[in-house]
Amino acid sequence: MSRKTDDYFKNVPMKSYDLIKEGLIVFGIMSVLIIILAIIFSSPDYPTVNAKQIATYEPIAYLRTFTDILQGKSEISNYGPPYDNDVKNSQSLFGIAPSKVLGVTIPINAVNDFVIDPLTHLAVIDKNVQTSLEQFKNASPQQRQIWIDNYSSALSSATVVNEKVQMLSGDYGPLPEMMSGLLLLGKSGLLDGALQKNESSYDFYNLNYTKPLLLFQGRVYHGVARSLDMLGEDWGISNETGNYPGAWWLWPYTFWYQIPPMSTSPNGDLEVGLIMIGLFLVLLLLPVIPILNKIPKWFKVYKIIWRDWYKK
């Protein structure tokens with residue numbers, strides 16, 4: 001150390017400290033603890049649910065997702081901020097609704113982003129899809145609604161035969177060709193990439209999974225969670241994106257959803273968020289908060305950590 005540093009620490013008691021040894025001890029203890037807790041409280045290691053799996057194994061549910069979007073019945077169609085301006089269901093506390101203040105930060109038009117745009121990519125190489133898409137765009141809103149409603153009704157009685165969706169004949173306009181194109185995109189594994197496209201560039205490492213997650217976040221993901229007994233009324237569900245570890249660090253956050261009034265409040269998300277912000281601020285400002293900053297001195301944990309020094 002420099003002479004200035006030596007002068008600063010002069011007469012200050014010091015002891016040697018093996019950081020590697022302490023780190024290995026903590027790592028060993030945590031490893032054993034994690035293994036034990038995983039054996040007792042483990043959750044299913046279910047593979048990531050993506051568009052390809054849904055299109056392949058649940059094609060009717062897959063098509064129903066897009067039909068709901070066209071009808072404006074999907075959850076994302078009228079989600080509100082940060083995706084659109086529908087603020088009628090915005091959560092508030094004491095009359096303040098943060099979503100209204102922050103507004104739309106990730107603008108999403110469900111029909112364009114999830115139906116029209118992916119088909120536009122496919123139309124470049126598929127003339128049938130191109131023709132159908134142009135017919136749909138050029139039709140009047142009333143005519144489009146008739147086609148969509150007829151297709152939605154027929155989809156309720158559709159069946160899957162030899163991996164193909166069979167429907168009764170009817171006045172569906174260009175929808176059968178459009179839906180076949182979306183199903184083809186899904187089965188080929190290209191839909192996720194089409195939804196993740198960047199308007200200005202195509203990034204090789206694209207980690208923005210917002211749109212693929214939003215697309216099936218309604219009945220499809222809920223159906224998978226229900227089959228695994230992982231719905232929110234138990235302990236919440238953390239959705240994995242890609243081959244990354246699940247959000248294990250969210251358990252303190254999801255814990256509050258099990259306690260009234262958050263468990264029943266229509267403003268539960270906002271209340272839980274504010275609680276977690278408050279707890280974070282308490283930890284951050286602990287050294288300067290009166291009474292709380294005395295806790296280490298009362299419990300004398302430092303004497304346990306530096307026990308060999310205090311033996312002297």
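The values are calculated or read from the model by the stated rules, or taken from the named source; none is laboratory data. None of the values given here were measured: they were computed from a predicted structure. Positions of Cβ are generated from backbone atoms using ideal geometry, with glycine treated the same way; all protein chains shown enter the neighbour counts.
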Among the candidates LEU102, LEU70, residue that is over 19 Å from the mean Cα position of the chain (by Cα), surrounded by fewer than 13 Cβ atoms within 10 Å (Cβ to Cβ) and of a type in the set (A, V, I, L, M, F, W, C): LEU102
Residue within the range 226-234 that is at pLDDT 75 or above and in a helix (DSSP H, G or I) present: yes
Hits in the range 87-111 - residues which are more than 30 Å from PHE136 (Cβ to Cβ) and among the basic types (Lys, Arg): LYS100
First in the range 101-114 and closer than 11 Å to ASN85 by Cα and in a helix (DSSP H, G or I), second anywhere and of a type in the set (S, T, N, Q) and modelled with pLDDT of 90 or more, Cβ under 7 Å, 6 or more apart: none
Residue within the range 57-65 that is closer than 30 Å to VAL115 by Cα and either free of Cβ contacts under 8 Å to residues at least 12 places away in the same chain or surrounded by fewer than 10 Cβ atoms within 10 Å (Cβ to Cβ) (or both) present: yes
Filtered residue count, the range 80-89, keeping only those that are crowded, with 16+ Cβ neighbours inside 10 Å, more than 18 Å from VAL272 (Cβ to Cβ) and free of Cβ contacts under 8 Å to residues at least 40 places away in the same chain: 1
Residue check for SER92: more than 16 Å from GLY218 (Cβ to Cβ), in contact (Cβ under 8 Å) with a residue 40 or more places away in the chain and in contact with an Asp or Glu (Cβ under 8 Å, 6 or more places away or on another chain): no
Inter-residue pairs, beta-carbon under 6 Å, first on the phi < 0 side of the Ramachandran plot and in the range 123-138, second surrounded by 13 or more Cβ atoms within 10 Å (Cβ to Cβ) and polar (S, T, N, Q), 6+ apart: ALA123/GLN130
Enumerated helices (runs of 4 or more DSSP H) restricted to the range 119-196, each holding at least 1 residues that are modelled with pLDDT of 95 or more, surrounded by fewer than 17 Cβ atoms within 10 Å (Cβ to Cβ) and acidic (Asp, Glu): 127-138, 141-155
First in the range 5-32 and closer than 17 Å to TRP306 by Cβ, second anywhere and modelled with pLDDT under 80 and surrounded by 10 or more Cβ atoms within 10 Å (Cβ to Cβ), Cβ under 9 Å, 6 or more apart: PRO13/TRP309; LYS15/TRP309
Unique residue being modelled with pLDDT of 90 or more and of a type in the set (Val, Ile, Thr) when the list is VAL301, VAL272: VAL272
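Select from the range 269-301 the residues that are of a type in the set (Val, Ile, Thr) and outside any loop (DSSP other than H, G, I, E, B) and write down the one among them that is farthest from PRO81 (Cα to Cα).
Ranking the qualifying residues of the range 269-301, first place goes to VAL301.
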Flag for PRO287 being of a type outside the set (A, V, I, L, M, F, W, C), modelled with pLDDT of 90 or more and closer than 25 Å to VAL26 by Cα: yes
Unique residue being closer than 30 Å to ARG219 by Cα and more than 19 Å from the chain's Cα centre (by Cα) when the list is TYR8, TYR17, TYR57, TYR79: TYR57
